[in-house]
Structure formats: structure tokens, C-alpha cells
Amino acid sequence: MPSYFIGNPYYTGWITIQHEFAADTFATKVSLQQGNVQGVREAYFVFAGQGPYSVPGHPPGMARAQNIQNVAAAMGVRIP
């Protein structure tokens, strides 16, 4: 569980949030496998631009950007 949700044992929003991270991971992998590095970079910058803010059921923008960056790095692609 991401550290920013520790502290409230009754918070169950992380379940949906984990799905969002999984979807971002999948989209990043598929996009990079198809050679769409620019699309992944754009997604990174969109989420990074949201900073620490989020909407209900979604992780903060910077957390999503970091996830995209980590997935890309694991595939040998530097983002940004």
C-alpha cells in the first residue's frame, strides 16, 4: 500500500487506486512496446502537472507520473 494512505486503517479507496496504477502500468508497457514513447512522455507530463492533487478514486498526479517513469525505466526508456 502506498505510504500516503497509511494512517487511516478504514480507508478503502486504495483498492481503486491500485487498479489505476495497474491501468497506467499496462498502458505504459503497451505504448512503449508499440514504440509510442512520445505518448508515454505526454501522459507523464499530464500527471506530473497535477502535482500532489487527485480526484476521488485516483492516486495523486505525481504518484501516477512516478509509476509511469518507473515502468518506462524498467523497460529501458528514460521518461521524461
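Structural remarks
- Filtered by the rule that a residue be among the aliphatic types (A, V, I, L, M), out of contact with any Pro (no Cβ under 7 Å at 6 or more places or on another chain) and either more than 20 Å from Q18 (Cβ to Cβ) or in contact (Cβ under 8 Å) with a residue 60 or more places away in the chain (or both), the range 32-75 gives L32, V37, V40, V46, A48, A73, M75.
- Residue count for the range 13-54, restricted to those that are over 14 Å from P80 (Cβ atoms), assigned to a helix (DSSP H, G or I) and touching a Gly at 6+ places or on another chain (Cβ under 8 Å): 4
None of the figures in this text is laboratory data; all of them are computed from the coordinates on show. What you see is a predicted model, and the numbers here were worked out from it, not measured in a lab. FYI the Cβ positions are ideal-geometry reconstructions off the backbone, even for glycines, and counts take in every protein chain you see.
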